Structures are given as structure tokens and as C-alpha cells.
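One structure is given here, and the rest of the page talks about it.
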2 protein chains.
Amino acid sequence: MGNINSRKTIRKYTQKDISDTLLKQLLDEAEHTPTMGNLQLYSVIITRKTDMKAQLAPAHFSQPMVEGAPVVLTFCADFRRTTLWAINRKATPGYDNFLSFLNAATDTLLYCQTFCNLAEAKGLGTCFLGTTIYNPQAIIKILCLPQLVMPVATITLGWPDEQPALSDRLPLNSIIHQEVYNDYTPERINEFYTAKEQLEENKHFVEINNKETLAQVFTDIRYTKKDNEAMSLGLLEALKQQGFL
Amino acid sequence: MGNINSRKTIRKYTQKDISDTLLKQLLDEAEHTPTMGNLQLYSVIITRKTDMKAQLAPAHFSQPMVEGAPVVLTFCADFRRTTLWAINRKATPGYDNFLSFLNAATDTLLYCQTFCNLAEAKGLGTCFLGTTIYNPQAIIKILCLPQLVMPVATITLGWPDEQPALSDRLPLNSIIHQEVYNDYTPERINEFYTAKEQLEENKHFVEINNKETLAQVFTDIRYTKKDNEAMSLGLLEALKQQGFL
């Protein structure tokens, strides 16, 4: 992981495929990630077929990475395998509840991130698609996910065909708190966000969107209250459908 | 990350402290982890004080790592900082909903896992405490977490003072699926779980618990339906209290 400081999201990939051997090696090594009670509450759906990528793309707002990547991985919170194991072993499982969903989602996201760190250390490029939990029902249908399986993350994976600039990040002091939560005063907000707001790309972003502040681009266009509330309902509905609520 | 294949959870630490410089370097480097819209929806509470560890310990079922580690880190899903930024910039935030919680929890868990991978590459030992979401309300109170901040993961961190055996993991074929979900027949359950069930430590585990199968140790003792359902209610209550539901 010597390259973490130059890590960038990669959205464009070369035509070169990813061998099954390499993919499996990385997925296998990532299994050393910590997991609740060593139950490994996750499954990964590997998408390589062109028509399956075409089906998945609209669920990810048709972002071009989905069809452009040699491999798409959907990481699913999975209490089904453990539940079926229990049923087959004279045991009575009780994992059809919200805590169990969050336990499985936790296992899954930790596993996913170790996988990405390993893949990037091998020179692969990854893009994390947050859209997975915006349209879970479409993804559930396409990938035939049964009860107690819920998609929580999607990664597009390939050999990089672009060299994007490094993304800015907030100063460390803005995200750490000593002993107790240190709330954000207007002065601290100014201290932590001014550099980001002054970046040329962000000033341009505000201008082309006809907004007054960068924050308005996020609240009014990218992640709106109306969309968040509608998608919250869809997400809770999907959790019910999959048996976790 | 060359050492992923020998990675082990470490629960016992030497007396040696972790310098603030090293801790901050690792927390800073981990910021390169992908994050939704580059919003970095997380905060980390650093616990070093003995009395704060003593307060946190019962919330983690008094597991000895909490008081035994030089550093305890509580990783929190945080939409508060972004929300206060918006309010201070004439923008109207809409992140008091379930989707936003899961967005922030996702950012937080990915960040947490990169941090752990980096810390372990430096020779530090970590233990992931799943108990964080079992008793969120106690942790919220102790760490003074305000609205739109929710603890989702705790790590104890220190220099290893033990060399535990490598944990077994399921075979890769049990967690991957080609194109669509390949459901688990009784035959496949046998194929994937028999090796685990035959391990001496697991046979011993079944025996001392007076159970018939390993799965029963999980369903009847470690993670019971009754506990999961009670803790699901507490977790949903905490999400309401923090303004995410």
C-alpha cells in the first residue's frame, strides 16, 4: 500500500482484460479482512458479460464505467449463506432483522475496501459506485439476489487508461476529535472548508451551475433532500423485500 | 499490504504507546479512500485517556482490549459537518434520512478499513469491535455525539503482544457468484462448511457449549434471534435519536 498517497479513482480503462487468476487471487486475499464471528457475511457477484453490464448500467445512472470496465463487482451483504448453513445443521437462525443487515453490510464494506486496496497495489484502477444503494431493487432483480442478500457496493475494475489529478481532501483536524466530539462552529467550518471552496475547479463548478456557494451545488443539485427522501423509502422497501426489516 | 495473507486480529498489546505523529500520519493517509462526492462523511473520536476507556469498556461488553489498548478509535458516520457547512453557506441540507445514514456509514467503514490496512502494514495490531452497533446509545452519550453523528465501528490499536494462529476462512468459491446469484444447496453448504466444522478448535467449541453442531453455537449462544431483535430496536432508536430516521 505504498501508493495510498497517490490514490485516485479511475473511470477509464484500457481494453486489456483482467485474468480470472488475478481477480480470484485478490478476492481470496481480501478474505483476511476481519469479519463478525468469522462468519464472512458477504457475497460478490462478478459481472463480465457485456449484456449483464448493459442491464446493470441504468441502475447506476448509466455512468459509462459500468459498460467500459472489463469487470464489475457487486458486493452484497449476505446473511443467506449463514442462515442456510444453520438450517442444514439443526440450528434456528435469527438474522432477518435490521441489526443483522448492518452486521452484514459492515463485513461487506470492510471486505470491499481491502479488495480495492489490494487491487490498486497491483496497478488496477477502481471506481466505487455509490449508486448501488440508490437503486437496490433494480440490481436485486438483475443479479437474482434472494432473501437475506442485499447489494451495498459496486466496484468497476480495470487497467487505468487515464491519469486524473489527485482529489483534494479536508485537513485531518477537521475529521478527528480528541476524547469527545468537538462540534463545528462557524469559525471552524471556515477554517476547514475555505481551501476547498477556493479551488479553481470548485469555483468553476459553482459558476456553471449558477449557484452562489459550493455547498448549494451539493444540496440543490447533486444530493437533494427530495431525492434523498425518495431513495430512503426505496432503500427501506428493498430491505423489507430482502427480509431484513 | 504485502502482509495481508498473514493478517490476524490482535487483542493483546505491549505497554509501548503509539506516537501522535504516527497515528495522525495513518489517519491522514487513509483520507485517500474513496468518499461520496468527496464529502468525507466520517469523524473519528480518538480515545487515549484511561477514564474514557473505562467508560467505553462496558458498552463493548467489557472486552479487555478496550482498556488494554493505548488507543481506541470510534469511527462515526457524520453528516453533521457537511450539514453545518451547508447551513453556513446559504444552502439547505437534506441529510436527516436513512439513505444519508447509509451513505455516511459506507464512507466511514471504507475509511476505517483503509486505516486498518495501513496500520497493520506499519506493524500495529488492530481489533475490530462489532459491539459498537450493539450499544450505540451508550457510546453516543460517552463521546457526546450530536445529531447526524452515529458510531459505526470501533478499533482498538496497539503494538502486538501476542501471535495468534491464522483464522480459517471459507473457500473463495463459497463467496463468489458468476453473473447471477448461485443459491446454496445442501450439497454446496456441505462442500463449503465441512472443513470449518472439522477444525479441532471448532469441535472443542461445540463440545464445551454442549451443542450438537457448530451452527448451533452461533444461533443459540453467540448471535441469537432474541438478542438480534432486541438490539435491532435499540439501533433503530439510536438512528431516530441522532436524526437519521
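Throughout, read-outs are computed from the coordinates displayed, never taken from laboratory work. Remember, it's a predicted structure, so these values are computed and weren't measured experimentally. Ideal geometry is used to build each Cβ from the backbone, glycine not excepted, and the neighbour counts take in all protein chains shown.
Summary table below
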read-out: Selected from A:Cys127, A:Ala105, A:Gly94, residue furthest toward positive end of dipole (chain A; charges at beta carbon); value: A:Gly94
read-out: Separation in nanometres of the label points that stand 7 Å from Cα toward Cβ, at A:Ser167 and B:Ala54; value: 4.2 nm
read-out: Computed E for A:Glu179/B:Ser19 - FRET, C-beta separation, R0 22 angstrom, nearest 0.05; value: 0.80
read-out: At least 18 Å along the helix axis (C-alpha) and Kyte average at least -0.5, DSSP helices within chain A; value: A:98-121
read-out: Filter on A:Lys24/B:Lys8; A:Lys49/A:Lys226; A:Lys122/A:Lys203; A:Lys8/A:Lys225 - keep pairs with C-alpha separation over 26 Å; value: A:Lys49/A:Lys226; A:Lys122/A:Lys203; A:Lys8/A:Lys225
read-out: Bridge type composition, the protein assembly as shown - antiparallel percent by DSSP, nearest 5; value: 85 percent
read-out: Label distances, nm, A:Gly37 versus same residue in remaining copies, Cβ-directed 7 Å point; value: 3.7
read-out: Charge dipole magnitude, Cβ of K and R +1, D and E -1 - segment A:1-81, Cα centre, debye nearest 20; value: 280 debye
read-out: GNM result for chain B, Cα springs below 10 Å: residue of B:His204, B:His177, B:His32 fluctuating most strongly; value: B:His177
read-out: Relative contact order of segment B:1-102, pairs being alpha-carbon contacts under 8 Å that are 6 or more residues apart, as %; value: 27 percent
read-out: Dipole in debye (nearest 20) - segment B:4-165, about Cα centre, beta carbon charges: Lys, Arg +1; Asp, Glu -1; value: 160 debye
read-out: Anisotropy class of segment A:91-198 from Cα gyration tensor, a/c 1.5 cut; value: oblate
read-out: 7 Å along Cα→Cβ, label-point gaps from B:Asp161 to other copies, nm, shortest first; value: 5.4
read-out: Normalised contact order of segment A:60-124, rounded percent, pairs of Cα under 8 Å and 6 or more residues apart; value: 32 percent
read-out: Estimated 222 nm signal from helices in chain A, with DSSP H stretches of n ≥ 4 weighted -39500 (n - 2.57), rounded to 500; value: -12000 deg cm²/dmol
read-out: Gaussian network model of chain B, Cα within-10 Å springs - most flexible of B:Arg11, B:Arg222, B:Arg80; value: B:Arg222
read-out: Options A:Phe115, B:Ser43, B:Asn117, ranked by Cα towards positive dipole end of the protein assembly as shown, top entry (Cβ charges); value: B:Ser43
read-out: Dimensionless Rg/Rh of chain A - Kirkwood Rh, Rg from C-alpha atoms; value: 0.99
read-out: Charge dipole (segment A:110-245, unit charges on Cβ, about Cα centre) - positive-most of A:Asn228, A:Gly158, A:Gln137; value: A:Gln137
read-out: Between segment A:42-95 and segment A:101-134, the Cα center-to-center distance that results, in Å; value: 12 Å
read-out: In segment B:34-130, chymotrypsin sites (Phe, Trp or Tyr not before Pro) in a DSSP loop with at most 13 other beta-carbon atoms within 10 Å; value: B:Phe61
read-out: Using a 7 Å Cα-to-Cβ projection, A:Glu179 label spacings across copies, nm, ascending; value: 6.0
read-out: Reciprocal mean inverse distance between Cα atoms of the protein assembly as shown - Kirkwood radius, Å; value: 23.0 Å
